[in-house]
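Participant: Structure provided below as structure tokens; questions to follow.
Bear in mind these aren't lab numbers, they're just calculated from the coordinates by the rules spelled out. The structure displayed is predicted, hence computed values, not measured ones. Quick reminder, even Gly has a Cβ in these numbers, built from the backbone with ideal geometry, and neighbours come from all protein chains shown.
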Amino acid sequence: MVGSHVEPGPYDLAVVGAGAAGLNALAVAGKYLGKDQRVLLIDRRGRAGGMWVDTYPYVRLHQPHRFFTAADIKWKLGAERSYLATKGEVLDHLSYCVEVVRGQVELDEWLGTELVADEAGRDSIRLTCRSAEGETRVAETRRLIKAPGLAIEPNQPLSVSSDRVHSVSPDFCDVRTGEIAASDAPVWVVGGGKTAMDTAHALITSRPGREVNILTGTGTFFTSRDKAFPTGARRWWSGRRGIPTFLEWARRFDGTNERETMDWYRSTIGIAPTDGARNFVFGLLSEAEAGVIRAGVSEMVGDHLLDAVDHGEEVELQLRSGATRRIRPGSWLVNCTGYVFGERLRERPYEPYVSAGGRVGVVSPRANIALLPSFAGYYLGHLMMLGRLGELPLYEFDGDELARQSREAWACTAVTEQLYNLSLIADDAPREVLTQNGLNLDLWYPTPRFLLGAVQFARAHRRERERWRQTLDRVGERFGVRCGPVVA
Ligand SMILES: Cc1cc2nc3c(=O)[nH]c(=O)nc-3n(C[C@H](O)[C@H](O)[C@H](O)COP(=O)(O)OP(=O)(O)OC[C@H]3O[C@@H](n4cnc5c(N)ncnc54)[C@H](O)[C@@H]3O)c2cc1C
């Protein structure tokens, strides 16, 4: 039955989105608020965890597990430091992060509930929500952080004309088990990103000798995990720390030379399991994983699939370049395309990262303020609770639009903007905002090396800030994308 429910009194804070970004904002708020303050967490999904709730079963974290958290909440896993957590472990940890905040504030959780509208009044913001059962729920809140993510939903199988292939999606078909694992027919992994690499790796390692092929599209390269996170004693002397690498990256990028800058990155820190890969979305891959994939894949084709068509007894793949390929009837097509920057994101109206006089903060790729959404949630949470949100001229850029025009410019801009905004935050916020950020990948390194990176940033950021700003302005002009402070 469709009913209506109105909450008494305003919440001190509401967070919409129980993924990594929203939980970072929530965990930060837990540091400022007390047990007598009311916080509301809302998510359309039935549990905390965001996109991890329905991502394919063999997904693992790219980065060592401790760096995927909310603020500085420690993992309880007890695994060795380089361990890459499984999907189940990530979900358990994110639920644990909510539990921690439950101990800090009076937390109400509206899970299985969608925010449909928010309207800022003089003193509070009115939230209108709809529960999974169709009930309307209304709440008032003094502050609101919206972190709806990248609109990542389970991928459907590719729709193709052929009746002679099995078209599946990893989100509904675990390639390590069931009919696909029992079959001897070749597999064509469609896509060249992290999901495709995970899928190829899972296929190769669960059934050695199986024919596995990849249609890599543009091809993606990754950051080498071995270089970003060297293990053992090598942490003391080798590896590429994040902050020094970003400083060098932003020094090389002038707003016009993204191709050259990404070539430098790829050749020094990158790893490409596929030839000629140009796409980059800040994923990580190890030498060992890339080696397994290179050795185990029968064929890598650098093209995009348009359709699979039956010709008598045979099946033909039709590719974007105009080329075609005959494949064995009964082959499997696994759709590993288009999670990030999908069309669903476009359907969302643009909202600035801050509005209503600093009372509403939004984590969105269309108003990008940080490299990863988890970082954006973390900084928004701090600035809002400090009463500084909207006071600093942080830059936001339309990452969705820029990535559609040039993935290379998008990656370089994201790094430059991260440094620029961090510089403004460093000058304004208490030191702890930077030093207690558990997402900081440089904490991987022994303390002296970590501190050295922090000192490098402290020395460089005021000197280089104006140049970073000019670079960002140049990107905005060249690509005609929003890139600058929020206009009141
Ligand atoms: C296959 C894959 C693997 C990845 N692996 C990694 C990795 O290893 N490491 C890493 O750092 N990043 C990884 N990422 C990137 C990852 O998406 C982010 O790191 C992060 O988990 C995203 O968090 P988020 O909170 O921004 O979004 P989400 O996790 O998508 O969470 C947003 C939440 O908001 C909710 N929501 C949206 N709109 C509403 C509404 N109107 N009302 C109520 N609720 C709403 C959604 O239901 C969702 O639960 C991966 C991405 C993909 C696709």
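Participant: Using a cut-off of 16 Å between alpha-carbon atoms, which aspartates and glutamates can reach LYS227, once sequence neighbours fewer than 8 places away in the same chain are excluded?
Facilitator: GLU248, GLU287, GLU289, ASP442
Participant: Using only C-alpha positions, report the orientation-averaged shadow area of the convex hull of the chain, nm², one decimal.
Facilitator: For the Cα atoms of the chain, the hull's average projected area reads 24.2 nm².
Participant: Once you have the Cα-Cα distance between SER206 and ASP174, take 0.36 nm times their residue separation minus that, and quote the gain in nm to one decimal. Present the calculation step by step, with values, prior to reporting the outcome.
Facilitator: Values: separation 32, 0.36 × 32 = 11.52 nm, distance 1.11 nm.
Taking 0.36 nm per residue and subtracting the Cα distance, the gain is 10.4 nm.
Participant: Please give every one of the lysines within straight-line cross-link reach of LYS35, meaning a C-alpha to C-alpha distance under 30 Å, and leave out same-chain neighbours fewer than 8 residues apart.
Facilitator: Filter leaves LYS74, LYS76, LYS146.
Participant: Going by how many other beta carbons lie within 10 Å of each one, how would you line up THR416, THR141, THR256, fewest first?
Facilitator: Taking fewest neighbouring Cβ atoms as first place, the list is THR256, THR141, THR416.
Participant: Scanning the chain for trypsin sites (Lys or Arg not before Pro) in DSSP loops with at most 11 other Cβ atoms within 10 Å, what's the longest stretch left with none?
Facilitator: Longest run free of exposed loop sites: 123-319.
Participant: Can you tally the net charge around TRP188? Count Lys and Arg as +1, Asp and Glu as -1, for every other residue whose Cβ sits under 11 Å from the Cβ of TRP188.
Facilitator: 0
Participant: Please compute the net charge surrounding GLY476, taking Lys and Arg as +1 and Asp and Glu as -1 over other residues with Cβ under 12 Å from its Cβ.
Facilitator: Every neighbour counted, the sum reads -2.
Participant: Please give me the summed charge of the neighbours of LYS146: other residues whose Cβ is under 10 Å from its Cβ, Lys and Arg +1, Asp and Glu -1. Provide the component values of the computation, followed by the final result.
Facilitator: Working: positive: none; negative: ASP118, GLU351.
Computed value for this residue: -2.
Participant: Right, next: Applying 1/(1 + (r/R0)^6) with R0 = 30 Å to the Cβ-Cβ distance of TRP237 and ARG467, what FRET efficiency is obtained, to the nearest 0.05?
Facilitator: 0.45
Participant: Right, next: Mind listing P(r) for region 1-105? All alpha-carbon pairs, 5 Å bins, whole percents.
Facilitator: Distribution as computed: 2, 12, 21, 21, 17, 11, 8, 4, 2, 1 percent.
Participant: Here is a follow-up. How would THR337, THR324, THR69 line up from fewest to most surrounding beta-carbon atoms within 10 angstrom? If you can, show how the numbers build up before the last one.
Facilitator: Numbers: THR337 20, THR324 13, THR69 23.
With the sparsest Cβ surroundings first, the list reads THR324, THR337, THR69.
Participant: Could you work out how far helix 20-32 tilts from the main Cα principal axis of the chain, as a 0 to 90 degree angle to the nearest 10?
Facilitator: Taking the Cα atoms of the chain, the angle to 20-32 is about 20 degrees.
Participant: Rank these for me by crowding, GLU313, GLU466, GLU417, GLU153, going from fewest to most other beta carbons within 10 Å. Walk me through the numbers before you get to the answer.
Facilitator: Working: GLU313 7, GLU466 10, GLU417 26, GLU153 13.
Fewest to most other Cβ atoms nearby, the residues stand as GLU313, GLU466, GLU153, GLU417.
Participant: Note the full-extension length gain between THR435 and ASP108 as 0.36 nm times their separation in residues minus their Cα-Cα distance, in nm to one decimal.
Facilitator: Numbers: separation 327, 0.36 × 327 = 117.72 nm, distance 2.95 nm.
My answer for the length gained is 114.8 nm.
Participant: Suppose R0 equals 22 Å; then what is the FRET efficiency for ASP36 and VAL100 from their Cβ-Cβ distance, rounded to the nearest 0.05?
Facilitator: Between ASP36 and VAL100 the formula returns 0.80.
Participant: Which angle between 0 and 90 degrees, to the nearest 10, do you get for helix 373-385 versus the longest principal axis of the chain when only C-alpha atoms count?
Facilitator: Computed tilt is about 0 degrees.
Participant: May I ask you to compute the full-extension gain from ALA120 to VAL486, defined as 0.36 nm times their residue separation minus their alpha-carbon distance, rounded to one decimal in nm?
Facilitator: Gain on extension, ALA120 to VAL486, equals 130.0 nm.
Participant: As an exercise, identify the GluC sites (Glu not before Pro) in region 61-119 lying in DSSP coil whose Cβ has no more than 13 other Cβ atoms within 10 Å.
Facilitator: Taking region 61-119 and a limit of 13 other Cβ atoms within 10 Å, the loop GluC sites (Glu not before Pro) found are GLU80.
Participant: Follow-up. Normalise the Cα radius of gyration of region 280-400 by 2.2 N^0.38 Å (N = residues in it) and let me know the number.
Facilitator: On the way: Rg = 22.2 Å, N = 121, 2.2 N^0.38 = 13.6 Å.
Rounded to two decimals, the normalised Rg is 1.63.
Participant: Just grab the label-to-label distance for THR324 and ARG142, each label 7 Å out from Cα along the Cβ direction, in nm (one decimal).
Facilitator: Inter-label distance under the simple model: 6.8 nm.
Participant: Now for a separate question. List the aspartates and glutamates whose Cα lies under 14 Å from the Cα of LYS87, skipping any in the same chain that are fewer than 8 positions away.
Facilitator: Of all the aspartates and glutamates, those that pass the test against LYS87 - Cα under 14 Å, at least 8 places apart if same chain - are ASP54, ASP171, ASP174, ASP198.
Participant: Helix 407-428 versus the longest principal axis of the chain: what angle, 0 to 90°, nearest 10, using Cα atoms?
Facilitator: So the helix axis and the longest Cα principal axis differ by about 20 degrees.
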